[in-house]
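The block underneath contains the structure these notes are about, expressed in structure tokens.
The values are calculated or read from the model by the stated rules, or taken from the named source; none is laboratory data. In this text, all values refer to a predicted model and were calculated from it rather than measured experimentally. A quick note on method: Cβ atoms are made from the backbone with ideal geometry, for glycine too, and the neighbour counts reach across all protein chains shown.
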Amino acid sequence: MFTERFLRDKRGASLTADERARIEGAIGEVKTIAPRTIIARAGEPLHQSTLLIEGVMSRYLDDRQGLRQLVAIHLPGDFLDLHAFPLKVLDHDVATLTSATVATIAHAELEAITQDLPELTRKLWFATLLDAAIHRAWLFRLGRLDATGRIAHFLCEANARLFSAGLSDGRRFALALTQADLGEICGLTTVHVNRVMRQLREEGLCSFRASLVEIPDPLALAARGQFDPAYLYMETVPDFLSNAKRPRS
């Protein structure tokens, strides 16, 4: 089932079997895309939205020198451009970071869903609003945290999101990103990322080798990154994050 990771039972808006079947039936194409491939460019008309089945994808903006700032990372189970359905064009590019398998759903099919199934429409809206909540957390991370805090926060977020998709046990997960990718996510140079990852490893908070992330003490890493999972709207916060809260002034 291509939609098995989308709004799984650990998220606040789980799909019924009939709703999942309706989305499955709306899928027009499933394909695998090579790493570092642009699938949508800013300003180009779009007539379909994309569900990520496997791999990692990104949304990003380029500055005038062509340097890239990642503004979102998408993981398996993410419906990464539902907002393109009403907008029809995006203000950013979308690309794969790793090899990725995606399913596409035509906007005409999404239109039929909105007309026929208001409850499923609400859940698709929930997924879009969840993207917005994650974006606000990224603004906080870049604007308020130091370099170590930024990386710690991002790795905690990735852990929680992958746990919701059934791809992390809470302390160990695969994440096929490079240090350059982490730099673009966290607004840091590759040299700075390397220094921070060494610090996290020496402090026993996190190791990241050969695309495998291991977090011996998720709460300690969450404290270092001021990570509070509330913005992910998980139906039940897992035990390994149950006491994680961002400090309040």
By my count, strands (runs of 3 or more DSSP E) wholly in the stretch 23-82 with at least 2 residues that are closer than 19 Å to L139 by Cα are 57-62, 68-74
Q. Any chance the stretch 165-173 includes a residue that's among the aliphatic types (A, V, I, L, M) and either surrounded by fewer than 19 Cβ atoms within 10 Å (Cβ to Cβ) or touching a strand residue (DSSP E or B) at 6+ places or on another chain (Cβ under 7 Å) (or both)?
A. yes
Flagged in the stretch 214-233 as of a type in the set (A, V, I, L, M, F, W, C) and in contact with a helix residue (DSSP H, G or I) (Cβ under 6 Å, 6 or more places away or on another chain), in numbering order, are I215, L221, A222, F227, L232
### Query
If we scan the stretch 35-47, do we find a residue that is surrounded by 14 or more Cβ atoms within 10 Å (Cβ to Cβ), outside the structural domain of L155 (by TED's automatic domain parsing) and hydroxyl-bearing (S, T, Y)?
no
* To do: Return a yes/no flag: does the stretch 32-41 have any residue that is out of contact with any helix residue (DSSP H, G or I) (no Cβ under 6 Å at 6 or more places or on another chain), without any contact (Cβ under 8 Å) to a residue 60 or more places away in the chain, among the polar types (S, T, N, Q) and closer than 20 Å to A106 by Cβ.
  => no
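Assess whether L167 counts as being assigned by TED's automatic domain parsing to the domain that holds F208 and within 25 Å of Q69 (Cα to Cα).
Numbers: assigned by TED's automatic domain parsing to the domain that holds F208: yes; within 25 Å of Q69 (Cα to Cα): no.
So L167 does not fit the description; no.
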V102 fails exactly one of (1) within 26 Å of E157 (Cα to Cα); (2) surrounded by fewer than 19 Cβ atoms within 10 Å (Cβ to Cβ); (3) β-branched (V, I, T), namely (2)
Considering the stretch 142-164, residues that are crowded, with 23+ Cβ neighbours inside 10 Å and of a type in the set (A, V, I, L, M), and then whichever is nearest to I53 (Cα to Cα), we arrive at A160
Picked from the stretch 221-233 (must be crowded, with 16+ Cβ neighbours inside 10 Å and out of contact with any Gly (no Cβ under 7 Å at 6 or more places or on another chain)), the residue nearest to I185 (Cα to Cα) is F227
When restricted to R64, R11, R5, the only residue buried (at least 18 other Cβ atoms within 10 Å of the Cβ), of a type in the set (K, R), out of contact with any strand residue (DSSP E or B) (no Cβ under 7 Å at 6 or more places or on another chain) and at pLDDT below 95 is R5
Just a yes or no: is a residue in the stretch 123-137 touching a residue at least 24 places away in the same chain (Cβ under 8 Å), outside any strand (DSSP E or B), among the basic types (K, R) and over 21 Å from I27 (Cα atoms)?
-> yes
